[in-house]
């Protein structure tokens, strides 16, 4: 016996179903009944009930990409605020390798970085790293703060929402899974993007949001509504549920790209090897070049949900 | 009969004062609630779960909560000396104890939740109102919990057991029994008793207060649903 429907709004302690259903995230089982432990929307799949919270704090998870702010520079690591009950640490080793440098000359207190969660231990301390393209320090721009549970909604199905905003406002946008969004562009556009992101956050649990945002953007920028399109009802329906698999896909794509890039580099190094006898020098130079390149650019990856093409 | 008895403010023996609850009223807090019961006006802010700056309070396997109950100097007829006193320390403690059984903080080890209960105007029964408002604010903050805790008092005035004492009844009456409970399971998380009651009167007071809690609980749910339904 089930007492709720998919996408129903529930509150903590509400009885969702009897025994034949499994209790998923955001729920607990008591006396053979599945109850909600959060205020959020019900998601039913394969006899498993989950509650997707409307509000929650970010808890670091291995493999996530996050935006963090340097809080403190210590002897061999940086303390990073990642908008979570748990602070992250960025060990110097992750940035320099074996090299020895002064930490505060590279990243100082107040710098905002794009990072990857390398590992989370039992007491939830997050170890961060910069491995992966696009990781590094942001220059300029503004930070917008949203609830981490609304991040998938902001990105939209296969990045539909975020790409539309990027196209329209011509802003560079990076979304961290901890609910921080970095926006850089014209000052007016930054402000508009910020407003739009907050609107998405406030109305994440309503349907038909992509079109609503589209209309708002077109009105604000062109002063007229967008050309009519064939409405895709089905897509809208599915998009309603706040979920994460899109991010997963994105991560795989990213890794694939990384691999390809590395292969290319290896080939190039091989070629240069033939030209020049001094291999060590060449590799050194490559490393240096690479570091510069990887600070923020993602190449031409238009499908990228997190990073806009920086080489405009 | 006694059910016909009219109280000092015209209520029946089992009638609550008018209640207004609003969730999510503060911009900067993670969760907040505003509550009015009769002449009480209470504002609650919840911050967290967040990293604690007080190391000694942290638990390695679970999150902890801290409650501060505070009455504004202008909240009562005679000016109250600002700052914590014996009474507010006691209420802070019993509020934390009343809320803790409902919270599921195992997923937030080493973290801390701060709850600030500010009484802007007081008119009897602020501890129960504080608990009621605090749990709405906790839900608004997205803290996982088993049930929404609700508080309500019963007492004895003019030899009658009555629900939800006002300030006058609290002062003139013979007893005051504030309770807090989790309405789904009926578990009682706070039970205090001040004054003289016979065994039967005590049992009756608890039944009455539990019934009052259930009524307030419906209003809590309504307030939470209202916040998101209109958008």
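The values are calculated or read from the model by the stated rules, or taken from the named source; none is laboratory data. As the structure is a computational prediction, the values presented were derived from the model and not from experiment. Don't worry about glycine lacking a Cβ; one is built from the backbone with ideal geometry, like all the others, and counts go over all protein chains shown.
Can you find a residue that is farther than 28 Å from residue A:87 by Cβ and either assigned to a strand (DSSP E or B) or touching a residue at least 24 places away in the same chain (Cβ under 8 Å) (or both) anywhere in region B:52-60? Lay out the reasoning, then the answer.
First, pick out the residues of region B:52-60 that are farther than 28 Å from residue A:87 by Cβ: none.
For region B:52-60, residues farther than 28 Å from residue A:87 by Cβ and either assigned to a strand (DSSP E or B) or touching a residue at least 24 places away in the same chain (Cβ under 8 Å) (or both): absent.
Could you say which residue among A:127, A:131, A:150 is over 25 Å from residue A:198 (Cα atoms), touching a residue at least 24 places away in the same chain (Cβ under 8 Å), touching a helix residue (DSSP H, G or I) at 6+ places or on another chain (Cβ under 9 Å) and not in a loop (DSSP other than H, G, I, E, B)? Spell out the reasoning first.
Details: A:131 fails: not in a loop (DSSP other than H, G, I, E, B); A:150 fails: over 25 Å from residue A:198 (Cα atoms).
The unique qualifying residue is A:127.
When the residues of region A:93-135 are filtered to those that are touching a strand residue (DSSP E or B) at 6+ places or on another chain (Cβ under 6 Å) and at pLDDT below 90, which remaining residue is nearest to residue A:178 (Cα to Cα)?
Looking at the filtered set, the residue picked out is A:135.
Taking region A:53-89 only, how many residues are under 30 Å from residue B:184 (Cβ atoms) and in a loop (DSSP other than H, G, I, E, B)?
Summing the residues that are under 30 Å from residue B:184 (Cβ atoms) and in a loop (DSSP other than H, G, I, E, B) in region A:53-89 gives 7.
So which residues in region A:203-228 are within 14 Å of another protein chain (Cβ to nearest Cβ), in contact (Cβ under 8 Å) with a residue 40 or more places away in the chain and either in a helix (DSSP H, G or I) or surrounded by fewer than 14 Cβ atoms within 10 Å (Cβ to Cβ) (or both), if there are any at all? Before the answer, list the steps.
Keep residues of region A:203-228 that are within 14 Å of another protein chain (Cβ to nearest Cβ), which gives A:203-209, A:212.
Add one more test, that the residue is in contact (Cβ under 8 Å) with a residue 40 or more places away in the chain, and what stays is A:204-205, A:209.
Of everything in region A:203-228, just one residue is within 14 Å of another protein chain (Cβ to nearest Cβ), in contact (Cβ under 8 Å) with a residue 40 or more places away in the chain and either in a helix (DSSP H, G or I) or surrounded by fewer than 14 Cβ atoms within 10 Å (Cβ to Cβ) (or both), namely A:209.
Going through region A:25-52 one residue at a time, which ones are surrounded by fewer than 17 Cβ atoms within 10 Å (Cβ to Cβ) and either away from chain B (no Cβ under 13 Å) or part of a loop (DSSP other than H, G, I, E, B) (or both)?
If the condition is that a residue be surrounded by fewer than 17 Cβ atoms within 10 Å (Cβ to Cβ) and either away from chain B (no Cβ under 13 Å) or part of a loop (DSSP other than H, G, I, E, B) (or both), then A:25, A:31, A:32, A:45, A:46, A:47, A:48 are the ones that fit.
Go through region B:137-146 and count every residue that is in a loop (DSSP other than H, G, I, E, B) and crowded, with 24+ Cβ neighbours inside 10 Å.
Of region B:137-146, the ones in a loop (DSSP other than H, G, I, E, B) are B:142-144, B:146.
Narrowing further to those that are crowded, with 24+ Cβ neighbours inside 10 Å: B:143-144.
Residues that pass the stated criteria total 2.
Of everything in region B:73-129, what is more than 14 Å from chain A (Cβ to nearest Cβ), surrounded by fewer than 16 Cβ atoms within 10 Å (Cβ to Cβ) and in a loop (DSSP other than H, G, I, E, B)? Give them in sequence order.
B:73, B:74, B:76, B:77, B:78, B:79, B:81, B:82, B:83, B:84, B:85
Name the single residue that is farthest from the chain's Cα centre (by Cα) among those in region A:1-13 being at the interface with chain B (Cβ under 8 Å from one of its Cβ atoms) and assigned to a loop (DSSP other than H, G, I, E, B). Full working, then the answer.
We begin by selecting, within region A:1-13, every residue at the interface with chain B (Cβ under 8 Å from one of its Cβ atoms); these are A:9, A:11-13.
Checking the rest, the ones that are also assigned to a loop (DSSP other than H, G, I, E, B) come to A:11-13.
Details: A:11: 27, A:12: 28, A:13: 31 Å.
Taking the candidates together, the pick is A:13.
Identify, by number, the condition in (1) more than 14 Å from every other protein chain (Cβ to nearest Cβ); (2) assigned to a helix (DSSP H, G or I); (3) surrounded by 20 or more Cβ atoms within 10 Å (Cβ to Cβ) that residue A:200 doesn't meet.
(1)
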